[in-house]
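Colleague: Handing you this structure, nothing more for now.
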Amino acid sequence: MDSSRILLAFGLTLFAGLATGIGGLIAFFAKRTKTSFLAFSLGFSAGVMIFISFTEILTESGEIMRLYYSHDKASWLTFISFIVGIALSAAIDKILPAEGNPHELKRVEQMHPENRDPDKPECQGRKQRRGWSGARDQKLMRLGVFTAIALGIHNFPEGIATFMSAINDVAVGISIAVAIAIHNIPEGIAVSVPVYYATGSRKKALIWSVMSGFSEPVGAVAGYFILTLFKSGVSLGFVFGIVAGIMVYISFDELLPAAHKYGKHHVAIYGLISGMIVIGLSLILLG
């Protein structure tokens, strides 16, 4: 394997993972959540990942399989690998504690009491009254930590997907890294908000939001070992099928629901279609 390609793949994965820290910073310095922008961006990311999964990664998996098996068997193995990727992501979702659900909507208004809308439950933050309970602080801190851990588990297969895609095709790897980075920004907010309200420390909130993204480069390390341990081409066929399944699940289970929560239905769909158009044109022009 080309060492420069490996370093680039690691770098892209690190960039995508550390975008959770951008979410933490936004929560500190933005006064209001730009819901339409987030909805469009998350929809855009979903469009990129869905398009790439079906047109590039799953296709590559099938082409590799056909080098070693008959057409019918290769098609079945590609399909099974794809379903395994979906099942893996679904299993991770299933085992995570509900209390630290990383998909729970958070808004930056929670950081700024003067901007909160009391009619929105997601904008209700730390109560400003005497007798504030330390137990509530502990619960919020636990929520933030659980969310960070849950995100870390979620981000691990995303790291594998980004790394493996970049190893196979730099343009595809960059596209996926950007899409996942956008996806990680609101997740960074989801970590930093409860930690900040539990501790009153922006530094601790930022540290936890950044740490939650470090599992993506760990996933890249796992991807590297997969490549070195299973050097045969057919192994790559299985891996690419699984990666496609992981990305499709992430898009439908995380990105699109989050886009709908943050904005109107049509804004998310416009982002989805725009993502498909932009990545489609990019792959044609760069191909």
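Colleague: Quick one: what are the phi-derived ³J(HN,Hα) couplings along the stretch 71-81, Karplus 6.51/-1.76/1.60 with θ = phi - 60°, whole Hz, x for glycine and proline?
Modeller: 4, 5, 5, 4, 5, 5, 5, 5, 4, 5, 4
Colleague: Before anything else, pin down the relative contact order of the stretch 165-287: Cα pairs under 8 Å, at least 6 apart, normalised by residue count, whole percent. Working shown, then result.
Modeller: On the way: 37 pairs, mean separation 24.6, N = 123.
Answer for the stretch 165-287 is 20 percent.
Colleague: Here's a follow-up. Please compute the length gained on full extension between I273 and R142, using 0.36 nm multiplied by the number of residues separating them and subtracting their Cα-Cα distance. Don't jump to the answer; show the numbers that get you there.
Modeller: Values: separation 131, 0.36 × 131 = 47.16 nm, distance 3.79 nm.
Gain in length upon complete extension: 43.4 nm.
Colleague: By average Cβ neighbour count within 10 Å, what is the ranking of 53-59, 180-186 from highest down?
Modeller: So the peptides 53-59, 180-186, ranked by packing, come out 180-186, 53-59.
Colleague: Let me ask another. Rounded, prolate or oblate: pick one for the stretch 170-287, where a ≥ b ≥ c are the square roots of the eigenvalues of its C-alpha gyration tensor, a/c under 1.5 means rounded, and failing that, prolate if a/b is larger than b/c, else oblate. Before the final figure, lay out the partial values.
Modeller: On the way: a/c = 2.40, a/b = 1.26, b/c = 1.90.
Note, shape of the stretch 170-287 comes out oblate.
Colleague: Shifting gears a bit: Return H154, H266 ranked ascending by Cβ neighbour count within 10 Å, so the fewest neighbours appear first. Display every interim value, and only then the final one.
Modeller: On the way: H154 24, H266 10.
Ascending number of Cβ neighbours within 10 Å: H266, H154.
Colleague: Provide D93, D2 in ascending order of the number of other Cβ atoms located within 10 Å of each residue's Cβ, fewest first.
Modeller: Fewest-to-most Cβ neighbours within 10 Å comes out as D2, D93.
Colleague: Can you work out the Karplus-derived ³J(HN,Hα) for every residue in the stretch 65-70? Use 6.51 cos²θ - 1.76 cosθ + 1.60 with θ = phi - 60°, whole Hz, and x for glycine or proline.
Modeller: So the Karplus estimates, Gly and Pro as x, are 4, 5, 6, 10, 10, 5 Hz.
Colleague: In terms of the Cα gyration tensor, with a ≥ b ≥ c the square roots of its eigenvalues, is the stretch 224-287 rounded because a/c is under 1.5, prolate because a/b exceeds b/c, or oblate? Write out the running numbers ahead of the final one.
Modeller: Details: a/c = 4.15, a/b = 1.79, b/c = 2.31.
Taking the square roots of the gyration eigenvalues as a ≥ b ≥ c, the stretch 224-287 is oblate.
Colleague: Rank by packing, highest mean first: peptides 280-286, 73-79, with packing defined as the count of other Cβ atoms within 10 Å averaged across residues.
Modeller: On the way: 280-286: 12.1, 73-79: 17.3.
Ranking the peptides 280-286, 73-79 by packing returns 73-79, 280-286.
Throughout, read-outs are computed from the coordinates displayed, never taken from laboratory work. Small disclaimer: the values here were computed from a predicted structure and weren't measured. Counting neighbours? That spans all protein chains shown, and the Cβs are built from the backbone with ideal geometry, glycine included.
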